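Heads up, the thing below is written out as structure tokens.
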Number of protein chains: 2
Amino acid sequence: MAEPTKQDVIVGVDLGGTKILAGVFTPQLRLLQTSKLSTKSVRGFESVVERVARCVRDAADEADLSPKQIKAVGIGAPGAVDPAKGEVIFAPNLQWKNAPLQKELEKHLGIPVFIENDCNACTLGVHEVEMKAKPRNLLGIFLGTGIGGGLILDGRLFSGFNHTAGEIGHMVLEVGGPKCGCGNLGCFEALASRTAIFRELARRAKEGEKTVLTDFLQGGETITDLKSGDLRKALRRGDKLTEKVVESAAEYTGIAIANLANILGPEVIVLGGGVLDALEDEMMSIIVETARDYAMPGALKDVEIVASKLGDEAGITGAAVLARQQLKG
Amino acid sequence: MAEPTKQDVIVGVDLGGTKILAGVFTPQLRLLQTSKLSTKSVRGFESVVERVARCVRDAADEADLSPKQIKAVGIGAPGAVDPAKGEVIFAPNLQWKNAPLQKELEKHLGIPVFIENDCNACTLGVHEVEMKAKPRNLLGIFLGTGIGGGLILDGRLFSGFNHTAGEIGHMVLEVGGPKCGCGNLGCFEALASRTAIFRELARRAKEGEKTVLTDFLQGGETITDLKSGDLRKALRRGDKLTEKVVESAAEYTGIAIANLANILGPEVIVLGGGVLDALEDEMMSIIVETARDYAMPGALKDVEIVASKLGDEAGITGAAVLARQQLKG
């Protein structure tokens with residue numbers, strides 16, 4: 001698998017609440033190898049930094065490269081990130097506040113490190129790798145355990161005054177709707193994320209609606225323990241309940257896109273994330289149709305709404321793009 | 001009132017569905033005089049252009065100036081506007097599509113004309129005239145008969161790919177909520193505009209809830225014929241129904257602001273429009289409190305949420321700022 005090379009490389013890191021994924025890229029953004037570690041955020045900031053450094057070195061080793069061949073590391077981290085200060089300002093699922101990720105990781109690795117919000121990094125990766133005609137304004141929407149977004153405006157990543165722009169998952173779509181992890185009611189994330197989909201399925205199964213999902217459960221598991229792939233399996237077996245719930249999530253996503261198109265006027269809208277990767281065939285047509293139905297006349301004229309093909313690699317790719325940009329910059 | 005001057009002036013025009021307001025400004029943006037005409041859009045595009053031209057000349061005459069002293073005219077027009085082409089792409093309440101407003105008005109007046117969306121113009125005016133420390137990212141929100149917005153991002157007016165960005169009034173906040181003029185259900189505009197407030201008041205009065213608003217009605221009028229000032233009068237007389245309905249509109253506005261802060265990360269949020277101008281004292285504290293309650297942690301940190309003091313003059317001021325900017329080029 002590994003392809004020995006004398007070239008310098010860039011490593012892109014996707015730092016999540018549960019796992020760390022590192023990818024070794026050529027300067028032309030060809031992915032050579034990846035490495036994965038669990039985050040173990042409960043062990044605290046210092047430990048996570050050490051694990052990220054280890055994951056970066058492991059990835060280089062997998063690619064038969066010495067750590068010295070790594071020119072720079074880019075990291076997409078969850079939460080509000082200040083790239084200039086190199087700090088994760090606020091990341092609830094890591095329990096970090098003003099964490100000096102860049103500085104501490106540079107101490108460990110001895111090479112330049114650049115950080116960005118994870119969804120911003122994904123959007124950057126999609127823009128650089130998947131968009132032939134580079135759109136000036138791009139909106140990235142990522143449907144996974146939660147929902148996040150990223151904005152490229154006037155050709156550049158845009159994160160606003162407090163580095164929180166693109167937090168589309170906490171746009172309220174249904175005042176008084178289902179409770180969100182953030183404490184509010186009716187957020188987009190509480191209506192269309194994987195968490196929301198499985199919660200709704202579990203609720204309705206408990207009320208007696210039939211679903212094949214119960215056949216997939218192994219000793220002690222409940223419906224909320226299942227994965228996006230199980231939804232696809234259920235849909236392919238004609239499961240009506242899964243169909244209804246996934247359709248509803250797709251409709252909410254379409255309405256969210258209409259809102260965002262009205263507000264931001266993007267040229268291209270790209271969807272990604274684990275839920276969309278697993279259910280692209282089932283969700284995309286409903287999403288696009290609903291978005292066009294709800295958007296203001298003209299707002300989506302000639303606007304592409306597409307699914308990213310980067311899948312799991314969006315985060316590491318975007319982080320590598322970030323590092324490459326910053327090195328050049 | 002008029003102050004004779006040898007100076008060149010700029011005229012800013014606020015072109016609305018029902019009235020045309022023109023203001024004569026010094027190059028330092030001091031307002032010298034205004035003039036008003038009804039739009040009479042049913043007479044068609046050519047007629048409206050002629051009326052705008054007449055209103056501009058009337059305003060100059062009111063200020064004891066000759067038309068030759070007007071260096072340029074700026075216009076804020078409703079709907080989607082392409083400033084580069086000089087066209088109103090789509091304006092439902094004027095029934096215009098691809099209307100060459102700039103070119104036709106230049107024919108009438110023989111001086112440079114610049115056009116922009118009305119809420120974009122208002123936002124530009126607020127940014128230029130009311131903001132001492134020019135924020136890089138500003139969001140303008142205008143609550144009137146309808147609801148519109150404008151964005152200044154990275155220091156410049158931002159209107160997106162199809163010139164429709166800032167259409168915040170049609171952000172769905174309550175899926176399945178009250179019907180909006182655009183045909184969708186639960187738009188911000190259907191929940192917090194003057195139209196929405198009076199519709200809700202009329203509905204609840206009809207259901208038997210008591211309100212002093214009925215005392216304000218003159219021969220044949222219904223509650224929906226009343227004006228924003230009547231709401232203020234009712235509130236000052238302790239009218240409980242008006243209080244509840246206005247409070248609800250303020251809460252929806254706060255939720256909308258939280259959504260927009262999460263999505264856009266503005267540095268300053270300015271509110272204006274007829275409803276807010278009339279009810280600032282009653283609405284602002286509820287709006288701000290709700291916004292801070294709903295926004296993501298950090299998104300509104302150090303972000304100002306303020307009411308514009310420009311009132312009715314926001315549109316003409318912004319249009320004059322536009323013309324001045326464009327002249328300077």
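Rule-based calculations on the coordinates, nothing more; no lab input. Model, not experiment: these values are computed from the prediction. Because the Cβ atoms are built from the backbone with ideal geometry, glycine has one as well, and the counts that use them run over all protein chains shown.
Shown here for region A:130-184: trypsin sites (Lys or Arg not before Pro) in loop regions (DSSP other than H, G, I, E, B) with at most 16 other Cβ atoms within 10 Å, namely A:132, A:136. Of the residues A:266, A:278, A:300, the one whose Cα sits farthest towards the positive end of the charge dipole of the protein assembly as shown is A:266 (charges of +1 on Lys and Arg Cβ, -1 on Asp and Glu Cβ, taken about the Cα centre).
For region B:199-228, trypsin sites (Lys or Arg not before Pro) are listed when DSSP marks them as loop and at most 11 other Cβ atoms sit within 10 Å of their Cβ; the list is B:210. Membrane-span-like helices of chain B, defined as complete DSSP H segments with a Cα extent of 24 Å or more along the helix axis and a mean Kyte hydropathy of at least 0.0, are identified as B:240-264, B:274-294.
What's the Cα-based Rg to Rh of region A:135-307, Rh via Kirkwood?
Here Rg/Rh amounts to 0.99.
Largest GNM mean-square fluctuation across B:302, B:61, B:118, computed for chain B with C-alpha springs under 10 Å, falls on B:302.
Rounded to the nearest 20, the Cβ-based charge dipole of region A:135-307 about its Cα centre (Lys and Arg +1, Asp and Glu -1) stands at 280 debye.
Ranked from shortest, the separations from the 7 Å Cα-to-Cβ label point of residue A:214 to its equivalents in the other copies are 5.5 nm. Look at the stretch A:163-169: the mean tally of other chain Cβ atoms within 10 Å of its residues' Cβ atoms is 6.
Summary for residue B:107: label point 7 Å along Cα→Cβ; distances to the equivalent points in the other copies, ascending, 7.2 nm. For the peptide B:172-182, the mean number of other protein chain Cβ atoms found within 10 angstrom of a residue's Cβ is 4. Per-residue shielding of A:184-197, expressed as the average number of other chain Cβ atoms within 10 Å of the residue Cβ, stands at 1. Across the options B:314, B:112, B:26, the greatest Cα extent toward the positive end of the charge dipole of chain B (unit charges at beta carbon of Lys, Arg, Asp, Glu) belongs to B:112.
Which entries of A:132/B:132; A:36/A:68; A:97/A:179; A:36/A:301; A:103/B:132; A:309/B:179 show an alpha-carbon separation above 31 angstrom in the structure shown?
On the way: A:132/B:132 42 Å; A:36/A:68 20 Å; A:97/A:179 24 Å; A:36/A:301 41 Å; A:103/B:132 36 Å; A:309/B:179 38 Å.
Over 31 Å apart, Cα to Cα: A:132/B:132; A:36/A:301; A:103/B:132; A:309/B:179.
Volume per residue for chain B equals 145 cubic angstrom (convex hull of Cα atoms). Of the residues A:313, A:130, A:167, the one that moves most in a GNM of chain A with alpha-carbon contacts below 10 Å is A:130.
I want to verify a result. In a Gaussian network model of chain B, Cα cutoff 10 Å, which of these has the top mean-square fluctuation: B:110, B:12, B:265? Looking only at B:110, B:12, B:265, the largest GNM fluctuation is found for B:110.
Ranked for footprinting exposure by Cβ neighbours inside 10 Å, fewest first, A:116, A:200, A:243 give A:243, A:200, A:116. Work from the charge dipole of the protein assembly as shown (Cβ charges, +1 for Lys and Arg, -1 for Asp and Glu, about the Cα centre) and give the residue of A:257, B:186, A:124 farthest towards its positive end. In the protein assembly as shown, that residue is A:124. Here the residues A:236, B:324, ranked from fewest to most Cβ neighbours within 10 Å of their Cβ, fall in the order A:236, B:324. Listed by Cβ neighbour count within 10 Å, with the fewest neighbours leading, B:159, A:285, A:193 appear as A:285, B:159, A:193. Scaled against 2.2 N^0.38 Å for its residue count N, the alpha carbon radius of gyration of region A:9-111 is 1.01.
Under the convention of a label 7 Å out along Cα→Cβ, give the distances in nm from residue B:183 to the same position in every other copy, shortest first. Its label point is 4.0 nm from the equivalent points in the other copies.
Using alpha-carbon pairs under 8 Å, 6+ residues apart, how would you state the relative contact order of region A:135-307 in percent?
Normalised by residue count, the contact order of region A:135-307 is 25 percent.
The relative contact order of chain A comes to 19 percent, based on Cα pairs under 8 Å that sit 6 or more residues apart.
Given a cut-off of under 8 Å on Cα pairs at least six residues apart, what relative contact order in percent is computed for region A:48-130? RCO, region A:48-130: 32 percent.
Mind checking the dipole of region B:9-111: about its Cα centre, +1 per Lys or Arg Cβ, -1 per Asp or Glu Cβ, Debye to the nearest 20?
Its charge dipole is roughly 80 debye.
For chain B, a crude dipole built from +1 on the beta carbon of Lys and Arg and -1 on the beta carbon of Asp and Glu, taken about the Cα centre, is about 560 debye to the nearest 20.
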